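Report on the structure given below.
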Amino acid sequence: MFRILAGAKRSSSILYLSDVAKSLTSKLVFTRSWYSNQSAKEMKIDIIPALQDNYMYLLTDPHTNQAAVIDPVEPEKVLAAVKDKQVDLTTVLTTHHHWDHASGNEKLAGMVSKTLKIYGGDKRIGALTEKLSGGEEFKVGSLVIKSFATPCHTTGHICYFVTDPNSQESPIVFTGDTLFLGGCGRFFEGTPTQMYNALCNILGKMPSATRVYCGHEYSASNLIFAKHVEPDNLDIQKKLNWVKQQRANGLVTIPSTIGEEWSYNPFMRVDTDSVRKHTGKNSGIEAMGYLRDEKNNFKAKV
């Protein structure tokens, strides 16, 4: 959970906080518009809430001060963070074409004096300059970005895996609307087979310490559904209690880690006996389809 550090000073714009959840070790800071880690030697992630429950992210290489923004649906907030952090914004990483993720690209490109590289996996993404198909590697400063195609929520969905070759810190993955904390996105343009592949064979094979930054704050409702699927899973109940406390305090619940998701996310646990028993299905792919249909009609009391 987050707590105010002993002796921290309150002001109208900033609170210093510490996260003691098992998946997070960095100090975080909360301002009116964003949260960020504070280590000068680590990849810097500014979490910028947008719209009703979206998250945008400002990723900065501490070695070069170059930065990328992920899904900048509200460009004004992004540029406020860029100005506050005094970073060099060079890149836009777009996870998919839906308006609540990509509709700010063109406006952002027009608000900056330099030409931005705008990455994405779908021609429906506005202002796209770098079309991806999955498997490409490129850099933001010295940070290495690898694209992973995860079609299902949309046909052109891309997740971005980030490592710092100059540091021993854990990798990061920006998962958009493919993987959420405790859940996954709807299958608008895909199939259970595709989501199974995305979650279990692609994202799930990343190092267990990989930090997951998703596209929405859906953690509480996702974990309530997870508890419905696996009522005896203590990992779910523990995480749900923590999430409820975070939200009651007006704080974010991300990132999780890939290792944590394996312990409480039913969509990644479709090959376990307990999830199979709940769904009555004999394969993980069949269980994936069953769970998604059930979740689409599930009413969580948050």
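The values are calculated or read from the model by the stated rules, or taken from the named source; none is laboratory data. Every value quoted in this text rests on a predicted model; they were computed, and no experiment measured them. All Cβ positions, even for glycine, are placed from backbone atoms using ideal geometry, and neighbour counts span all protein chains on display. With ligands, DNA and RNA removed, areas are computed over all heavy atoms of the protein, side chains included. Shrake-Rupley method; radii C 1.70, N 1.55, O 1.52, S 1.80 Å.
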Worksheet entry | Every residue from region 135-166 that is outside any strand (DSSP E or B), open to solvent by 30 Å² or more (accessible area, probe 1.4 Å) and out of contact with any helix residue (DSSP H, G or I) (no Cβ under 7 Å at 6 or more places or on another chain) | Gly135, Glu136, Thr155, Pro165, Asn166
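A quick yes/no check of all residues on (1) farther than 18 Å from Tyr290 by Cβ; (2) within 18 Å of the chain's Cα centre (by Cα); (3) modelled with pLDDT of 95 or more; (4) open to solvent by less than 40 Å² (accessible area, probe 1.4 Å):
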| position | (1), (2), (3), (4) |
| --- | --- |
| Thr175 | yes, yes, yes, yes |
| Pro192 | no, no, yes, no |
| His216 | yes, yes, yes, yes |
| Val270 | no, no, yes, yes |
Discussion item. Is it the case, given these coordinates, that His97 is in contact (Cβ under 8 Å) with a residue 60 or more places away in the chain, surrounded by 16 or more Cβ atoms within 10 Å (Cβ to Cβ) and either more than 30 Å from Arg292 (Cβ to Cβ) or within 18 Å of the chain's Cα centre (by Cα) (or both)?
Written reply: no
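So that you can scan it fast, the table gives a plain yes or no per residue for (1) open to solvent by 20 Å² or more (accessible area, probe 1.4 Å); (2) assigned to a loop (DSSP other than H, G, I, E, B); (3) not acidic (Asp, Glu):
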position	(1), (2), (3)
Ala226	no, no, yes
Asp232	yes, yes, no
Leu240	no, no, yes
Glu261	no, no, no
Fill in: Residue count, region 197-255 (criterion: free of Cβ contacts under 8 Å to residues at least 24 places away in the same chain and more than 28 Å from Val162 (Cα to Cα))
7
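I need the full set of residues from region 184-196 which are closer than 28 Å to Leu143 by Cα and touching a residue at least 40 places away in the same chain (Cβ under 8 Å), in order please. So that I can check it myself, show each step before the final result.
Taking region 184-196 as the starting set, the residues that turn out to be closer than 28 Å to Leu143 by Cα are 184-185, 195.
Selection gives Cys184, Met195.
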Discussion item. Residues to consider are Tyr16, Tyr55; find the one that is at pLDDT 95 or above and either open to solvent by less than 60 Å² (accessible area, probe 1.4 Å) or not in a loop (DSSP other than H, G, I, E, B) (or both).
Written reply: Tyr55
Discussion item. Looking at Phe174, Phe180 in this structure, which one is out of contact with any Leu (no Cβ under 9 Å at 6 or more places or on another chain) and under 30 Å from His228 (Cα atoms)?
Written reply: Phe180
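A quick yes/no check of all residues on (1) over 15 Å from Gly176 (Cα atoms); (2) open to solvent by 40 Å² or more (accessible area, probe 1.4 Å):
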| residue | (1), (2) |
| --- | --- |
| Asp61 | yes, no |
| Glu76 | yes, yes |
| Lys85 | yes, yes |
| Leu93 | no, no |
| Lys107 | yes, yes |
| Ser113 | yes, yes |
Discussion item. Between a residue in region 58-76 that is among the aliphatic types (A, V, I, L, M) and any residue that is in a loop (DSSP other than H, G, I, E, B), which pairs come within a Cβ distance under 6 Å, given they are 6 or more apart or on different chains?
Written reply: Ala67/Val87; Val73/Ser103; Val73/Gly104
